[in-house]
Every structure is written in C-alpha cells, then in structure tokens.
C-alpha cells in the first residue's frame with residue numbers, strides 16, 4: 001500500500017477532518033444522470049445481536065452500481081423502515097442536493113476533508129447527519145462519526161477492485177429498531193449523568209457539547225478527580241473533546257475517556273479493559289456497543305487502538321451509504 005493509503009490520525013470535531021494530508025485537488029463535477037432508486041428490502045422479524053453487520057440484501061443491488069468516472073461511485077440507500085419514502089431521503093455534497101428518488105448516485109471526485117450530509121423529510125430538516133472522508137487518486141479514507149452527535153443511523157460499505165469489502169457504522173440491530181427505541185436504549189444503558197444527552201428528539205449530543213459538563217455545569221468536575229489521579233490537570237469538557245493540553249496527546253485522551261489511564265501503558269490499548277467503571281465517556285461506549293464490530297468514532301481520538309469506524313483502502317470501486325431513522 002502506498003503512503004497515500006496508509007492510515008493517518010485525523011482529529012475529529014465540528015469542522016470534520018482537520019489534519020488529513022492534502023491529496024488530489026477536488027473537482028466540481030459530481031453526479032451521473034438520475035437512475036431509479038431500488039426499494040429497500042424488508043427486515044426480517046428476528047433481532048440480530050449487537051455489533052452484527054447488516055445482511056447482503058440490506059445494501060441493495062450492488063451488482064448494478066455503475067462504474068465511476070471519477071474516483072469511486074457512491075450509492076445512497078433508504079433504510080428508514082418505511083418511515084420516509086425515497087423522495088424524502090436527501091444527500092448533499094459540494095453544494096449539490098438531491099433526493100435518492102431523483103438521484104441515488106454520486107460519482108465522487110478527489111477531495112480533501114470532504115463531508116456528505118444526509119437529511120430526512122426535507123433538505124433543511126433537523127433530522128440530519130454526515131460521513132466524512134478524504135478521497136485521493138485511487139484511494140478512499142473515511143468514516144462515520146459520533147464525535148459531535150448522533151442524528152441519523154448511518155452505515156457505509158466500501159468495496160475495492162482487489163475484492164476488499166468492509167462495513168462500518170450502526171449495527172443491524174440498531175437499524176431494525178425504531179428511533180424511539182434507540183433513544184430509550186441510550187437512556188437505559190448510560191449512567192444518570194449522561195441521560196440528558198438524549199433530551200432532544202432530533203439528536204443525541206456528545207457530552208462535550210452539553211452545558212452540564214462544561215465550566216459552571218452540574219457535571220463540570222465529572223473527570224477531575226480521576227484525571228488528577230493520573231497527573232492530568234484538565235477540564236472535563238477538554239477531556240471529552242481531546243482539547244487543551246490533550247490536543248496533542250491522543251493516547252492520554254483516549255485512556256481517560258475509556259477509564260484505563262490508571263493502567264500500565266501496555267494495557268491501555270486492550271479493548272477488553274475499556275470502560276470498566278466511571279468516570280468514563282459512556283456516550284462513546286454506547287456507540288461502540290451498537291456499531292458494526294464494535295467500531296465507532298465516539299470522541300476525537302477514538303482511533304487509538306484501532307477502535308474507530310474508519311476505513312482506508314486503495315482502488316475503491318463503490319461505497320454504499322445506508323440512511324436510517
């Protein structure tokens with residue numbers, strides 16, 4: 001694999017990919033002529049275990065995805081379980097917005113620190129979310145992200161010319177359940193301090209965005225004693241956001257969020273030891289518990305120990321993005 005395809009550490013946040021190396025210059029042309037969207041396959045009645053990838057039918061007819069003229073072909077599929085028809089599922093990229101009934105495909109050009117947004121109901125709906133990526137000449141680097149918030153259930157599947165095929169994002173169990181069930185599951189599984197993050201029916205916010213965990217908030221000292229015990233003098237907000245003195249220390253920030261900073265360094269990268277007790281980033285833990293293969297971007301340096309919902313591969317052929325409710 002060439003240097004352009006090797007995994008690089010990207011700090012995630014409200015501005016997307018902040019430190020990805022510049023690749024090829026982005027081009028403006030993006031879309032193929034409109035093609036009819038395929039109807040979503042019905043979900044079986046059985047419930048898949050947490051972390052299970054979706055079945056093949058979930059992704060639609062991948063054999064019919066046309067070849068890209070740019071770097072790779074992106075197809076958006078409707079997995080809202082009948083809550084929204086295809087003409088109310090929208091995507092936006094590079095200032096261009098379409099429903100998937102009108103245009104399910106995007107011929108993705110090379111771009112740096114790109115973002116593709118998805119909306120339900122209308123292009124300006126509060127029900128929205130995004131994936132982020134850098135696409136270079138013959139290489140795709142990208143991920144789903146929960147660093148800022150959860151807005152919509154998203155999963156993406158990358159297929160490459162050499163047969164590589166991998167999926168990331170919310171797991172099949174999460175896509176099968178209702179939005180209300182997902183929000184309630186969050187409230188049920190996180191400690192009391194985190195339950196308010198799901199108060200807004202449009203999104204579940206990351207703890208660093210909550211006034212409760214910021215200076216003057218009721219939980220402003222949530223991490224203070226634990227951080228001090230391992231020699232870190234930093235605010236709770238900056239620990240959740242890997243900011244301040246932790247902005248350049250990925251390992252320490254990840255260890256604090258996962259409550260393993262008190263362990264020997266050789267044990268801090270062992271996922272079996274993550275989140276043993278509080279204080280910890282239980283928001284991030286929830287998304288790991290309910291993402292494909294346990295991989296999620298729950299905080300900016302969640303790629304430490306290869307735990308992020310991130311993929312990098314040369315020769316990308318197509319990317320399918322499933323949008324849920």
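Every read-out reported here was derived from the displayed coordinates using simple, explicitly stated rules and does not represent laboratory data. Fair warning: this is a prediction, and the values are worked out from it, not measured in the lab. Reconstructed Cβ throughout: ideal geometry from the backbone, glycine too, with neighbour counts over all protein chains shown.
The value for the stretch 126-282 of Rg(Cα) / (2.2 N^0.38 Å) is 1.16.
Calculate the FRET efficiency for residue 97 and residue 70 from the Cβ-Cβ distance with a Förster distance of 25 Å, rounded to the nearest 0.05.
Numbers: r = 19 Å, r/R0 = 0.74.
Efficiency at R0 = 25 Å is approximately 0.85.
As a proxy for reagent exposure, 239, 292 were ordered by neighbouring Cβ count within 10 angstrom, fewest first; the result is 292, 239. Comparing mean-square fluctuations of 294, 315, 95 from a GNM of the chain with C-alpha springs under 10 Å, the top value falls on 95. Per-residue extension of 0.36 nm, minus the Cα-Cα distance of residue 229 and residue 272, leaves a gain of 13.3 nm for this segment.
Relative contact order, percent, of the stretch 193-283 when contacts are C-alpha pairs under 8 Å separated by at least 6 residues? Can you show the working numbers first?
Details: 106 pairs, mean separation 19.8, N = 91.
Averaging sequence separation for qualifying contacts and normalising by length gives 22 percent for the stretch 193-283.
So what does the Cα-only Debye profile of the stretch 193-283 read at q = 0.14, 0.24, 0.26 Å⁻¹, as log10 I(q)/I(0), no solvent term? The computed values of log10 I(q)/I(0) come out as -0.48, -1.24, -1.38. By the count of other C-beta atoms within 10 Å, a proxy for reagent exposure, 93, 133, 118, 164 are ordered fewest to most as 164, 93, 118, 133. For the chain, the relative contact order comes to 25 percent (Cα pairs under 8 Å, sequence separation of at least 6). The ranking of 71, 102, 170 by Cβ neighbour count inside 10 Å, starting from the fewest, reads 102, 71, 170.
Taking the square roots of 5 times each eigenvalue of the Cα gyration tensor of the stretch 46-123, largest first, gives ellipsoid semi-axes of 23, 17, 13 Å.
Note that the chain shows a convex hull volume over its alpha carbon atoms of 132 Å³ per residue. Our estimate of slack between residue 125 and residue 265, defined as 0.36 nm per intervening residue step minus the Cα-Cα distance, is 45.9 nm.
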